[in-house]
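What follows is a set of notes on a single structure, which appears directly below.
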Amino acid sequence: MFKKIIVGLDGSEKAETATRIACDLAQKYGSEVTLMHVPHAETAAFVVGAVPGYHAAITKPSFAEIEKAGQKVLDHAREIAADAGCKTVKTHMPHGDAATEILAHAEDIGADLIVTGRRGLNSISSLVLGSTTQRINHLAKCACLSVA
C-alpha cells in the first residue's frame, strides 16, 4: 500500500512521534522512509535548548549554524527510526519553505504518504493545526497522516 513514506521533521516531540508511526507503517508495508527537514532559524534555537515559540538570541544564527542544527534534527530522527526497526531510511534537507519543499520532494520521489506532527515548534501561532501541516494536507497529491 505505502511504498514511499516521507516524514516531515521540525525537531518537536510530535515529529518524533511521526517518525515512530511512519516506521511502524514501513515495517508493515516494506516501505522506504525519507526523513525530511527544512532548517530555519527557529530550529537552530530549539536544538541549542531554547523554549519553543521564543527566540534564544537577539541575532539570527548563521547559515552554518542553521545547517548544523538541521543535521542534528535529522541525526536524532535517524536514531529514532533505527530504534523503531526502520530498515530503509533516507534523509533529505533542502532549504526554503517547509511545506513547499516537502510537497515537491513527495512528487519527485512518488511518495504514497506524508507523515507530519499535527503541530510543531511554532504551536503558539497555530491553535488547531500547524500551518505547515495544514498546507501539506491541503495540497498533497498523496495520502497524509497528521500525528497528535
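The values are calculated or read from the model by the stated rules, or taken from the named source; none is laboratory data. These numbers come from a predicted model, not from an experiment. We place every Cβ from the backbone using ideal geometry, glycine too, and count neighbours over all the protein chains shown.
Summary of values
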| read-out | value |
| --- | --- |
| Boolean, L139 is modelled with pLDDT under 95, of a type outside the set (D, E) and more than 22 Å from S31 (Cα to Cα) | no |
| I66, sole failed condition from (1) at pLDDT 90 or above; (2) closer than 25 Å to D108 by Cβ | (1) |
| From the options T100, T91, T116, residue that is more than 14 Å from L9 (Cβ to Cβ), at pLDDT 95 or above and either polar (S, T, N, Q) or touching a Gly at 6+ places or on another chain (Cβ under 7 Å) (or both) | T100 |
| Pick from the range 1-37, criterion assigned to a loop (DSSP other than H, G, I, E, B) and modelled with pLDDT of 95 or more, ranking: surrounded by the fewest Cβ atoms within 10 Å (Cβ to Cβ) | G30 |
| Qualifying residue in the range 68-76 (condition: β-branched (V, I, T), in a strand (DSSP E or B), within 12 Å of the chain's Cα centre (by Cα) and under 30 Å from G30 (Cα atoms)) | no |
| Positions within the range 97-111 being farther than 16 Å from T133 by Cα and of a type outside the set (A, V, I, L, M, F, W, C), in sequence order | E107, D108, G110 |
